[in-house]
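Structure record follows, encoded as structure tokens.
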Amino acid sequence: GSKNPPSSFGCDDIDRSSITAPQDETITSSTAASSGGWITIVTEEFKGDYGIFTADRSNRAVRYASAKGKAGVIRMSETSTLKSSEISIDKPNNKFRITLDLYSVGMSHEDSICVDYQMRNASINAQTTTGEKCWKALHDFPVSQWETKTFDFDAEEAESLRIRLRVDSTSDNTDTLISRVNIEGSSA
């Protein structure tokens, strides 16, 4: 994939500065009350760097200081992935909610943006559970406008979480911007 956005992206004025964050660190959550019994674990807005997404830099998405009216934006192409470090949870959660703010250009009906997740339980054997959620372009979200996508998933007494953002694409011209990833937990 190209390191430069296609001209249809309208990103001629973007700030291409990038900051490197330490690799393989563990993020400790700081919780804040949210509506409906949800507690915010972490909100990543990519304003200074890649934030929680510091694991595995081999096929990383490109970070911009701003694009499409948002400060702190990640551009993912057909082969990009963003992997979080392990996010330690203050107290075990039974449910998680992940919210993404995304803007897509150049995606076809077959293309998707996906979130893969991996949780470790607080039980004695520290069982690991994995899953994924994908949204199809033009079906689940429009192109050429900002869209917020949210999903919830069960987590039996999870004490840590890792997530990976990826594009599942069949074309070479797939580009998606992500400006925010919010992770919430609930013990209910």
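The values are calculated or read from the model by the stated rules, or taken from the named source; none is laboratory data. All values derive from a computational prediction rather than experimental measurement. Because the Cβ atoms are built from the backbone with ideal geometry, glycine has one as well, and the counts that use them run over all protein chains shown. Quick note on the areas: whole protein, heavy atoms, side chains included, nothing else; ligands and nucleic acids left out. Shrake-Rupley method; radii C 1.70, N 1.55, O 1.52, S 1.80 Å.
If you scan the stretch 157-183, which residues turn out to be open to solvent by 30 Å² or more (accessible area, probe 1.4 Å) and at pLDDT 90 or above?
Arg162, Arg164, Arg166, Arg180
Quick one: which of Thr129, Thr148 is open to solvent by 40 Å² or more (accessible area, probe 1.4 Å) and under 30 Å from Ser108 (Cβ atoms)?
Numbers: Thr129 fails: under 30 Å from Ser108 (Cβ atoms).
Matching residue, one of Thr129, Thr148: Thr148.
Provide a single number: the residues in the stretch 54-75 that are open to solvent by less than 40 Å² (accessible area, probe 1.4 Å) and either modelled with pLDDT of 90 or more or among the basic types (Lys, Arg) (or both).
Looking only at that region, the number is 8.
Return the total of residues in the stretch 86-113 being part of a strand (DSSP E or B) and either among the charged types (D, E, K, R) or closer than 25 Å to Ser187 by Cα (or both).
Within the stretch 86-113, the first condition is being part of a strand (DSSP E or B), and the residues that meet it are 87-105, 112-113.
Cutting the leftovers down to either among the charged types (D, E, K, R) or closer than 25 Å to Ser187 by Cα (or both) gives us 87-101.
Total satisfying the criteria: 15.
Taking Ala158 and the conditions (1) in contact with a Lys or Arg (Cβ under 8 Å, 6 or more places away or on another chain); (2) among the aliphatic types (A, V, I, L, M); (3) part of a loop (DSSP other than H, G, I, E, B), which numbered condition does it fall short on, given that it satisfies the others?
(3)
I'd like the full set of residues that are open to solvent by 10 Å² or more (accessible area, probe 1.4 Å) and either farther than 15 Å from Cys134 by Cα or of a type in the set (Asp, Glu) (or both), limited to the stretch 81-92.
Matches in the stretch 81-92: Lys83, Glu86, Ser88, Ile89, Asp90, Lys91, Pro92.
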